[in-house]
Each structure stands twice: as C-alpha cells, then as structure tokens.
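Asker: Following this message is one structure expressed as structure tokens.
The values are calculated or read from the model by the stated rules, or taken from the named source; none is laboratory data. As the structure is a computational prediction, the values presented were derived from the model and not from experiment. Heads up, the Cβs are rebuilt from the backbone with ideal geometry, glycines too, and the neighbour counts pull from every protein chain shown.
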Ligand SMILES: [Zn+2]
C-alpha cells in the first residue's frame with residue numbers, strides 16, 4: 001500500500017515541522033541568566049555617575065562560585081572605578097581562542113527623566129525595563145550564564161573561550177576597557193576573532209525578519225571650524241563678519257551631500273533588504289545593490305538610516321561665537337561631526353569639506369583620533385554558524401551582514417588585528433529602539449532567545465563537530 005504510507009509519511013513530516021522550534025534554554029539556565037542580568041542592570045555603571053568595578057566583581061564572584069579558578073579570572077582597568085573582567089575557559093588549544101566581548105558601562109540615566117527607576121530590572125508586559133537592558137548588559141549576562149553552563153556540562157572546546165566585560169564603551173574617554181586591555185594585557189584577550197554587540201535581530205510588524213551580523217563600522221571625525229576677526233563696535237558693521245563667514249560655510253554644508261555608493265557589505269545588505277521587502281521600495285532596494293545611482297538617490301531620501309548607509313555624512317553639532325551684544329564678533333566657531341564610510345580616507349573628507357566651505361577665512365582643524373578601522377572579512381564559519389542557528393530557531397529568517405553607523409569597541413579590535421563580528425540574536429522591533437534613551441527595554445522573549453542563540457553559535461564556532 002504505497003499510497004497511504006506516503007500520505008502517512010507526509011503527514012508525519014508536516015506534524016514534525018509544525019512543532020515550534022525550541023527557542024529558549026531550559027528553565028534553570030534561563031533563571032541563571034535572568035539573575036545575572038538583574039544584578040548587572042541594578043549596578044549603576046554610567047560614565048560619570050557609576051562604576052563598572054562592582055559589575056566586574058559580581059561576575060567574578062559568580063564564576064568562582066561555579067568553580068572557575070582565580071588564575072583564569074583577571075580584574076583590572078584604567079582606574080579603580082573602571083574595572084574590566086577577563087575570564088578564560090580552557091579548550092584543547094587546537095585553534096586560537098575566541099573572544100566574547102560585552103561592555104558593562106551604560107549611558108547615563110536620570111530617575112526624573114524616566115517613568116520608572118532606570119536601575120531596577122522591571123519585568124512588565126513582556127518587556128525587561130532598565131538602563132542597559134539592551135545596551136549591553138543582556139549580552140554581558142548571557143556570556144556569563146552560558147559559560148557557567150558549558151562548565152557544568154563539561155564542554156571541551158577546540159579553542160579557549162575568553163570573555164571580556166569592559167568599561168567605558170559609551171564614555172569614549174581615556175578609560176575605554178578594550179583599548180586599555182589591548183595596550184596593557186594583549187595576551188589576555190588575544191584571539192583569532194571576536195563576537196560583540198552591534199548586530200541584532202529586526203522585528204517588523206511583529207515578525208522576526210532579519211538577524212544582523214555586523215562586520216564593519218563607519219568611523220568618526222570631528223572638525224573645529226573657526227573664524228577670527230578683529231571685531232569692533234556693533235554700530236559700525238562691516239561686511240567682513242566672523243559669524244557671517246561661519247554661517248555661509250555651514251549653509252553650504254547643509255546643502256551638500258557626499259557621493260552615494262555601496263561597498264561589499266552594504267550592497268549585500270541592500271540585496272537582502274530588497275528580497276525581504278514586500279512594499280513599493282523593493283525594486284529600488286534591489287537596484288541599489290546593483291549600483292544604480294538613481295535608485296540610491298530615492299532610497300537615501302527614504303530614511304536617514306539608508307542615507308547614512310550609502311554615504312559619508314558630516315553635520316554641524318555645536319556652535320559658539322561673539323562676546324558681547326554690542327560688539328562685532330571676534331570669534332565664531334562650530335563643530336562638524338562626520339561619520340565616514342570605511343573606504344573614504346580622512347584626507348578625502350577633509351579636502352572635500354574645505355571645498356564645500358569655500359572660504360579661506362574659515363579655518364578647519366580636525367581633532368581627536370579618527371580611529372579608522374578595517375572591515376572584518378566575512379568569515380565563512382561565522383556566517384555559517386549564525387545562519388544555521390538562525391534557520392533552526394526562526395525558520396525563514398535570514399542573516400544579513402551589515403555596517404553600522406555608530407561605533408563600537410569592535411573598531412579597536414579590528415585595528416588591533418582581531419576581526420570582530422556583531423551578533424546577538426536579540427530581536428528588537430524596528431520602531432521600538434530605545435538604546436541610550438528613556439525607559440530602555442527589550443522583549444523578555446528576545447532576551448531568552450538571545451541566550452539560546454549565542455549558546456549554540458559559540459559552541460559551533462568553538463567545536464564545529466559538536
Ligand atoms: Zn553598546
């Protein structure tokens with residue numbers, strides 16, 4: 001009776017595939033991750049008002065209680081309030097280590113600006129609320145909880161796993177934990193490659209759509225524009241006025257746009273976005289991937305995020321000038337902040353700006369370290385592990401390599417020769433991104449799914465035969 005058997009087999013297959021994929025870890029592991037998360041979120045670790053040291057110490061205490069030895073745990077940082085923690089989990093040493101990074105400082109949060117206490121983990125209506133719930137204490141807690149679980153299981157990877165929870169990613173000051181570790185303890189974090197924040201999952205209209213794998217970043221340049229003038233009495237104005245010179249230069253900047261273009265990463269990104277899109281923009285997104293200038297013009301006009309993906313941007317962010325209400329200004333100055341595509345050089349940006357300003361009264365000085373970093377090569381094992389686990393957990397969801405507009409610690413690591421990949425598997429609604437803002441939150445389900453996703457991805461990368 002071949003026919004009924006076939007039917008039976010088909011219906012069995014149908015039943016099997018319609019069982020929802022297991023997208024979270026067992027309850028005891030979820031509880032551990034939640035406990036660590038709560039502890040981390042409830043320690044204020046803002047740049048000026050808090051400290052990362054108690055977070056690092058809390059992690060150390062948990063690891064010691066779980067049987068990690070003192071010699072595999074390092075605590076230290078640029079000053080006593082800026083501790084980082086580095087933990088080594090030993091493998092067979094067949095391959096170079098894998099570094100798992102998360103920052104444990106947070107953007108400042110004032111109680112009066114929030115509707116709830118930013119430093120209490122609140123679980124409400126399916127969300128976890130609190131400063132750092134998304135950026136970046138979820139990933140920090142997940143790394144710790146999963147590492148403790150690997151130890152309980154007796155997991156032996158082909159390479160050491162190194163977790164680094166670090167200070168001052170947000171502060172951008174002299175105490176940045178990753179920079180400090182690279183400079184002072186490179187051996188502790190030296191790795192073949194690294195997983196970090198910067199990639200997340202996107203929910204559109206309630207559906208999981210794309211899981212981003214961040215492989216490159218724009219870099220930052222700042223310019224100070226200055227016009228100096230002998231000034232004089234305001235009752236005797238002359239055409240040569242510092243404020244007018246500066247205003248003219250900034251007005252020309254407002255009307256200027258850098259060339260629209262794609263690179264390997266962004267054209268792959270637009271192709272995937274086009275494939276995923278069901279709206280009228282679908283054809284234009286696909287044409288952008290093929291290099292169409294007309295389509296790039298339309299797509300850039302569609303959303304600031306698309307515009308920033310397609311070009312270097314420079315924008316006026318601060319202004320100062322004049323010294324008295326009744327005096328001609330002797331000084332007018334502005335800050336211009338640029339987010340530069342990895343393939344555009346700092347010299348190109350500076351030369352272009354000077355041409356746009358087109359006024360030799362306006363002096364243009366760049367300051368700070370642009371810290372231009374290379375993109376990470378699209379490692380097949382990383383893409384493959386992310387793709388396999390993504391398809392297993394969320395059938396139909398694709399992994400989309402991308403470039404981010406902001407900067408993360410991944411930049412310093414890439415400059416230091418450690419390719420870094422932003423990947424979290426934590427899904428966020430496209431219209432509910434609250435990082436750095438008030439009432440920061442992520443979905444409770446997304447937190448636990450991120451835990452399960454990273455648990456599997458790390459195991460695959462650390463022991464491919466697993
Ligand atoms: Zn962050």
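Asker: Could you say whether any residue in segment 215-229 is part of a helix (DSSP H, G or I), crowded, with 18+ Cβ neighbours inside 10 Å and more than 27 Å from the chain's Cα centre (by Cα)?
Answerer: Checking segment 215-229: not a single residue is part of a helix (DSSP H, G or I), crowded, with 18+ Cβ neighbours inside 10 Å and more than 27 Å from the chain's Cα centre (by Cα).
Asker: Quickly run through segment 320-367 and pick out the residues that are free of Cβ contacts under 8 Å to residues at least 24 places away in the same chain and in a strand (DSSP E or B).
Answerer: The one that is free of Cβ contacts under 8 Å to residues at least 24 places away in the same chain and in a strand (DSSP E or B): 320.
Asker: Can you find a residue that is out of contact with any helix residue (DSSP H, G or I) (no Cβ under 9 Å at 6 or more places or on another chain) and closer than 29 Å to residue 227 by Cα anywhere in segment 330-343?
Answerer: yes
Asker: Taking segment 386-406 on its own, how many of its residues are outside any strand (DSSP E or B) and closer than 17 Å to residue 458 by Cα?
Answerer: 8
Asker: Among the residues of segment 107-137, which ones are within 16 Å of the ligand (Cβ to nearest atom), at pLDDT 95 or above and over 14 Å from residue 446 (Cα atoms)?
Answerer: 118, 130, 131, 132
Here's the yes/no breakdown for (1) touching a helix residue (DSSP H, G or I) at 6+ places or on another chain (Cβ under 9 Å); (2) surrounded by 24 or more Cβ atoms within 10 Å (Cβ to Cβ); (3) under 21 Å from residue 32 (Cβ atoms):
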site: 91; (1), (2), (3): yes, no, no
site: 101; (1), (2), (3): yes, yes, yes
site: 108; (1), (2), (3): no, no, no
site: 116; (1), (2), (3): no, no, no
site: 155; (1), (2), (3): yes, no, yes
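Asker: If a residue must be away from the ligand (no atom under 14 Å from the Cβ) and either in contact with a strand residue (DSSP E or B) (Cβ under 8 Å, 6 or more places away or on another chain) or modelled with pLDDT of 90 or more (or both), how many such residues does segment 165-194 contain?
Answerer: Within segment 165-194, residues that are away from the ligand (no atom under 14 Å from the Cβ) and either in contact with a strand residue (DSSP E or B) (Cβ under 8 Å, 6 or more places away or on another chain) or modelled with pLDDT of 90 or more (or both) number 17.
Asker: Being under 23 Å from residue 375 (Cβ atoms), part of a strand (DSSP E or B), within 19 Å of the chain's Cα centre (by Cα) and within 16 Å of the ligand (Cβ to nearest atom) is the requirement here; does residue 210 meet it?
Answerer: Considered against the rule, which asks whether it is under 23 Å from residue 375 (Cβ atoms), part of a strand (DSSP E or B), within 19 Å of the chain's Cα centre (by Cα) and within 16 Å of the ligand (Cβ to nearest atom), residue 210 comes out as no.
Asker: OK, next. Kindly provide the set of residues from segment 43-80 that are surrounded by fewer than 16 Cβ atoms within 10 Å (Cβ to Cβ) and either touching a helix residue (DSSP H, G or I) at 6+ places or on another chain (Cβ under 7 Å) or under 20 Å from residue 148 (Cβ atoms) (or both), ordered by number.
Answerer: 57, 61, 64, 65, 66, 67, 69, 70, 71, 72, 75, 80
Asker: Can you go through 376, 363 and tell me which one is at pLDDT below 90 and more than 19 Å from residue 273 (Cβ to Cβ)?
Answerer: 376
Asker: Then there is this: Considering every residue within segment 289-303, establish whether at least one is in contact (Cβ under 8 Å) with a residue 24 or more places away in the chain and farther than 29 Å from residue 396 by Cα.
Answerer: yes
Asker: If you don't mind, another one. Count, please, the residues in segment 267-319 that happen to be assigned to a loop (DSSP other than H, G, I, E, B) and at pLDDT below 90.
Answerer: 5
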